[in-house]
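Structure first, commentary second.
Throughout, read-outs are computed from the coordinates displayed, never taken from laboratory work. Everything quoted here is computed from the prediction, not taken from an experiment. Ideal geometry is used to build each Cβ from the backbone, glycine not excepted, and the neighbour counts take in all protein chains shown.
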Amino acid sequence: MRRLCENGSRLVPKLTRFAPASETLYEPAVTAAALSRLTLTNFRSYTQADLVLDGRPVFLVGPNGAGKTNLLEAVSLFMPGRGLRGSSLAEVGRRLPGEAQGRAWSVAAVVSTKGEETQLGTGVESPGASRRTVRIDGETLPPGRLADHLRQVWLTPAQDRLFLDGATDRRRFFDRLVFAAIPRHAAHAQAYERAQRERMRLLTREGAAPDAAWLDALEARLAEAGALMAEARATTLWALQSEIDGRGMRPFPQAKLSLTGEWEQMSAAGAEIADIEAKLARALAQARPRDASAGRALTGPHRGDLAVIHAEKDRPAAECSTGEQKALILNLILAQAARLARAASAPSPILLLDEVAAHLDRRRRAALFDEIEALGLQAFMTGTDAHLFDELRNRAQGFAVEGAALDPLD
Ligand SMILES: Nc1ncnc2c1ncn2[C@@H]1O[C@H](COP(=O)(O)OP(=O)(O)OP(=O)(O)O)[C@@H](O)[C@H]1O
Ligand SMILES: [Mg+2]
């Protein structure tokens with residue numbers, strides 16, 4: 001434990017050392033989680049919706065604007081964070097056209113895990129609330145505790161451009177995969193970002209020279225959180241690559257993954273967390289003048305990228321077709337889901353696959369459904385045409401979505 005106290009009139013942030021990521025890989029002892037009931041109240045376009053689910057994969061079919069993604073987003077809020085659209089709490093409350101403020105909203109679910117049921121609920125009690133409330137079996141708890149009961153891996157159409165856009169989106173995508181296995185990764189990333197903002201504020205402030213002791217403290221925090229982030233990413237990448245190589249997943253192109261960031265590479269090469277932390281702290285201290293004149297931090301785990309190569313073609317993912325890129329991303333997601341599904345002491349994940357069938361040819365679509373079935377995971381999929389899910393009939397629960405109303409398909 002490292003603690004710093006008062007520094008002049010200002011309080012230096014207290015530093016509590018994080019536990020290394022590997023310790024937290026598989027925390028709680030729950031397996032094969034699936035939602036058996038889902039209730040939405042004043043959530044997006046839904047006034048009220050109630051779904052009874054039997055644990056099989058779920059597909060939602062309906063026209064544009066029907067409310068399919070809204071439902072997936074509701075499920076994604078059973079994880080800490082802002083859900084699969086990254087929306088604010090105010091945005092998701094139901095709003096009539098012209099209304100400035102959304103209503104108070106809630107989503108609730110029963111998670112069934114090997115016959116045991118847990119009630120999860122989240123929402124805001126008043127329209128302008130700045131935090132959402134999370135209840136687990138009636139007890140109000142921090143959102144982080146949701147990860148004790150459910151993990152999620154998701155794919156959205158926004159990720160179709162994953163290999164074409166900048167590194168930030170790829171890092172975020174990869175961090176979500178890391179987070180599904182190592183929930184504390186999110187706390188490390190948040191602590192890192194907060195300290196980073198504060199350090200840059202100090203370095204770029206006009207006038208008096210920055211307070212060196214405070215900078216030291218912030219950089220210590222950055223180095224500590226940054227080393228853990230790098231380690232969690234490197235560990236996850238290694239595990240994912242082993243999973244992909246081991247499974248084959250023939251209908252999906254094989255991916256060769258690497259992390260380009262200096263700190264992740266140091267961890268992948270076997271460096272101890274303490275050595276990464278020490279080196280990062282030194283690099284940050286040296287980089288002060290350079291970062292101050294650049295107006296941004298030029299070193300650290302916020303700079304790395306995820307590189308993906310289509311193994312058979314030996315081409316970077318960015319040079320592959322749209323469908324091939326989608327299949328490469330699916331390969332990563334399924335590999336992570338498979339790892340988590342096997343981990344006896346972590347909650348198994350559910351998959352949220354928005355418009356997943358759109359870019360896949362028939363063979364790959366069938367392979368995806370087979371894979372989901374083989375994993376035994378609950379997946380929520382959406383599409384505008386029922387025929388996209390023909391191969392899933394009798395193996396899944398289908399719902400027609402229209403005007404924010406849900407009807408079971410026979
Ligand atoms: N806060 C809100 N209150 C009320 N309606 C909302 C709110 N936010 C979004 N909507 C409405 O929800 C609808 C979009 O729903 P959703 O994104 O789930 O559609 P979808 O079925 O996924 O459509 P697509 O096939 O185009 O992806 C839109 O009509 C939008 O106006
Ligand atoms: Mg949609």
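Among (1) buried (at least 17 other Cβ atoms within 10 Å of the Cβ); (2) among the polar types (S, T, N, Q); (3) within 21 Å of Leu51 (Cβ to Cβ), which single condition is Gln159 missing?
(3)
For segment 238-262, which positions are of a type outside the set (Ser, Thr, Tyr), free of Cβ contacts under 8 Å to residues at least 60 places away in the same chain and part of a helix (DSSP H, G or I)?
Those that are of a type outside the set (Ser, Thr, Tyr), free of Cβ contacts under 8 Å to residues at least 60 places away in the same chain and part of a helix (DSSP H, G or I): Trp238, Gln241, Asp245, Gly246, Glu262.
What's the total number of residues in segment 82-98 that are surrounded by fewer than 17 Cβ atoms within 10 Å (Cβ to Cβ) and within 14 Å of ligand 2 (Cβ to nearest atom)?
1
If a residue has to be touching a Leu at 6+ places or on another chain (Cβ under 8 Å) and within 14 Å of ligand 1 (Cβ to nearest atom) to count, how many in segment 376-405 make the cut? First the steps, then the outcome.
Going residue by residue through segment 376-405, those that are touching a Leu at 6+ places or on another chain (Cβ under 8 Å) are 377-383, 386, 397-401.
The next check asks that each one be within 14 Å of ligand 1 (Cβ to nearest atom); those that pass are 380-383, 386, 399-401.
Counting residues in segment 376-405 that are touching a Leu at 6+ places or on another chain (Cβ under 8 Å) and within 14 Å of ligand 1 (Cβ to nearest atom) gives 8.
Could you please let me know if Ser126 is of a type in the set (Ser, Thr, Tyr), farther than 25 Å from Leu177 by Cα and assigned to a loop (DSSP other than H, G, I, E, B)?
Taking the combined requirement at face value, the residue satisfies it.
Which of the residues spanning segment 122-156 are surrounded by fewer than 19 Cβ atoms within 10 Å (Cβ to Cβ) and of a type in the set (Gly, Ala, Ser)?
Of everything in segment 122-156, those that are surrounded by fewer than 19 Cβ atoms within 10 Å (Cβ to Cβ) and of a type in the set (Gly, Ala, Ser) turn out to be Ser126, Gly128, Ala129, Ser130, Gly138, Gly144.
With small (Gly, Ala, Ser), touching a residue at least 12 places away in the same chain (Cβ under 8 Å), surrounded by fewer than 21 Cβ atoms within 10 Å (Cβ to Cβ) and touching a helix residue (DSSP H, G or I) at 6+ places or on another chain (Cβ under 8 Å) as the only criterion, which of Ala195, Ala187, Ala213 stands out?
Among Ala195, Ala187, Ala213, only Ala187 is small (Gly, Ala, Ser), touching a residue at least 12 places away in the same chain (Cβ under 8 Å), surrounded by fewer than 21 Cβ atoms within 10 Å (Cβ to Cβ) and touching a helix residue (DSSP H, G or I) at 6+ places or on another chain (Cβ under 8 Å).
Which pairs turn up if I take residues in segment 62-88 that are within 19 Å of Phe389 (Cβ to Cβ) and look for partners that are near ligand 2 (Cβ under 10 Å from one of its atoms) and of a type in the set (Asp, Glu) with beta carbon separation below 7 Å, at least 6 apart in sequence or on another chain?
That search, which allows pairs on different chains as well, returns Thr69/Asp354; Leu72/Asp354.
Mind listing whichever residues of segment 198-210 are surrounded by fewer than 20 Cβ atoms within 10 Å (Cβ to Cβ) and either in contact (Cβ under 8 Å) with a residue 60 or more places away in the chain or in contact with a helix residue (DSSP H, G or I) (Cβ under 7 Å, 6 or more places away or on another chain) (or both)?
Glu198, Met200, Leu202, Thr204, Pro210 - these are the residues of segment 198-210 that are surrounded by fewer than 20 Cβ atoms within 10 Å (Cβ to Cβ) and either in contact (Cβ under 8 Å) with a residue 60 or more places away in the chain or in contact with a helix residue (DSSP H, G or I) (Cβ under 7 Å, 6 or more places away or on another chain) (or both).
Can you name the residue in segment 373-388 that is closer than 23 Å to Ser321 by Cβ and buried (at least 19 other Cβ atoms within 10 Å of the Cβ) and is also farthest from ligand 2 (Cβ to nearest atom) among such residues?
Here the residue is Leu388.
Check segment 64-73 and report whether any residue there is crowded, with 21+ Cβ neighbours inside 10 Å, assigned to a loop (DSSP other than H, G, I, E, B) and away from ligand 2 (no atom under 16 Å from the Cβ).
Checking segment 64-73: not a single residue is crowded, with 21+ Cβ neighbours inside 10 Å, assigned to a loop (DSSP other than H, G, I, E, B) and away from ligand 2 (no atom under 16 Å from the Cβ).
Considering every residue within segment 344-359, establish whether at least one is more than 23 Å from the chain's Cα centre (by Cα), farther than 17 Å from Gln254 by Cα and of a type outside the set (Asp, Glu).
no
Going residue by residue through segment 47-55, is there one that turns out to be farther than 20 Å from Gln397 by Cβ and within 14 Å of ligand 1 (Cβ to nearest atom)?
Restricting attention to segment 47-55, the residues satisfying the condition of being farther than 20 Å from Gln397 by Cβ are 47.
Now restrict to residues that are within 14 Å of ligand 1 (Cβ to nearest atom): 47.
For segment 47-55, residues farther than 20 Å from Gln397 by Cβ and within 14 Å of ligand 1 (Cβ to nearest atom): present.
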